[in-house]
Amino acid sequence: MGNQKLNWVILFLLGVLGYMIWYAPYGMNETDGGFLDGLAWQLTQGKHLYQDVIYVRPPIPVWLRWLGQQIIPLPFSVLGERIVFYAMVAGYSWMGAALLMTGAQRWQLALFAFLVSAHNYPATAWHTTDGIFFAVAAIFWAKKRHAWALFASGCLLSLAILCKQSFYPLLLLPFLFWWGRWLTRPVFFVSGMLLAFGLTTLYLFHTDSLAAFFYWTGGSRRQAGPSARYF
């Protein structure tokens, strides 16, 4: 590793670490940060998303926060959530830069992307941040082309789509992967997508929440009828 590249690697890592140390513990969030924590906490109490807890977006961000609450000790929940936010922003910044650049320029672009992106949202759990992370990761692994990377890419793309309705158009990405000749073994990619979608559907069906999922995520205005069950 050349000196120039090493210097930028160190700057990138120090930049990310600096945000985790000096930004994560402080600051007031005047937006709706923390709502995913509240929803996830209800799951921790034994409720099921959509069936018992009203949520109008796909489930992955809430499930990720539930997982975080199982791993991070409760007194450090908010601090841990902020650190995870910076780690995810750093992750998709680096992967995006790795798709475009090599050598020292990769780390320069990664640092620039991180410094800009870290201020796009308050440091808290966001469905948009989750979706961007999984989408960029899907593209990153698809470009590797080998079988298990394509399988991972398919899983990650499904997770991105299941973060927010605005990510539904990412279903077009496989066509771009095919056009770019990245899908050398499409069966592995499709298997990854079907696995993630299938497990999500199976869980929602098992908890009798599948109909409620389609109801609550299908639009902002509802007519009387099946909705009566979910009030």
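What the table shows:
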| quantity | calculated |
| --- | --- |
| Dipole of the chain, positive end: most advanced residue of SER209, LEU157, TRP178 [Cβ charges, Cα centre] | TRP178 |
| Correct option for P(r) over Cα pairs in 5 Å bins from 0, in percent [calculated from the coordinates] among (i) 1, 6, 14, 19, 20, 17, 12, 7, 3, 1, 0, 0; (ii) 1, 6, 12, 15, 16, 16, 14, 10, 5, 2, 1, 0, 0, 0; (iii) 1, 7, 13, 15, 15, 12, 10, 8, 7, 6, 4, 2, 0 | (ii) |
| Accessible surface, per residue, of segment 52-191 when the full set of protein chains is kept, probe 1.4 Å, Å² | 48 |
| log₁₀ of I(q)/I(0) at q = 0.17, 0.23 Å⁻¹ - segment 48-152, Debye sum with one point per alpha carbon | -0.90, -1.21 |
| Cα-based helix-to-principal-axis angle, 35-44 vs the chain, degrees rounded to 10 | 60 |
| Backbone N within segment 199-217 under 11 Å of label point (7 Å from VAL56 Cα along the Cβ vector) | 216-217 |
| Ordering of 35-41, 97-103 by burial proxy (mean other Cβ atoms within 10 Å per residue, highest first) | 35-41, 97-103 |
| Rounded to 10°, Cα long-axis angle of helix 127-142 versus longest principal axis of the chain | 60 |
| Among 153-160, 205-212, 57-64, the order from most to least packed when residues are scored by Cβ within 10 Å on average | 153-160, 57-64, 205-212 |
| Angle between the chain longest axis and helix 103-117 axis [Cα atoms, degrees, rounded to 10] | 40 |
| Order by protection proxy (mean Cβ within 10 Å, highest first), peptides 133-140, 12-19 | 133-140, 12-19 |
| Cα-based equivalent ellipsoid of segment 1-40: semi-axis lengths in Å, sorted from largest, via gyration tensor | 34, 12, 7 |
| Additional length obtainable on full extension of the chain from LEU115 to SER166, 0.36 nm per residue less Cα span | 15.9 nm |
| Accessible-area composition of the chain, carbon plus sulfur, in percent [1.4 Å probe] | 68 |
| Cα centre as origin, Lys/Arg/Asp/Glu Cβ charges: the chain dipole, Debye | 700 |
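The values are calculated or read from the model by the stated rules, or taken from the named source; none is laboratory data. On a predicted model such as this, the values are computed, not experimentally measured, just so you know. Using ideal geometry, Cβ is built from the backbone for each residue, glycine included, and neighbour counts are taken over all protein chains shown. Ligands, DNA and RNA are stripped out before the accessible areas are found, and what is left, the full protein with its side chains, is counted by its heavy atoms. Shrake-Rupley method; radii C 1.70, N 1.55, O 1.52, S 1.80 Å.
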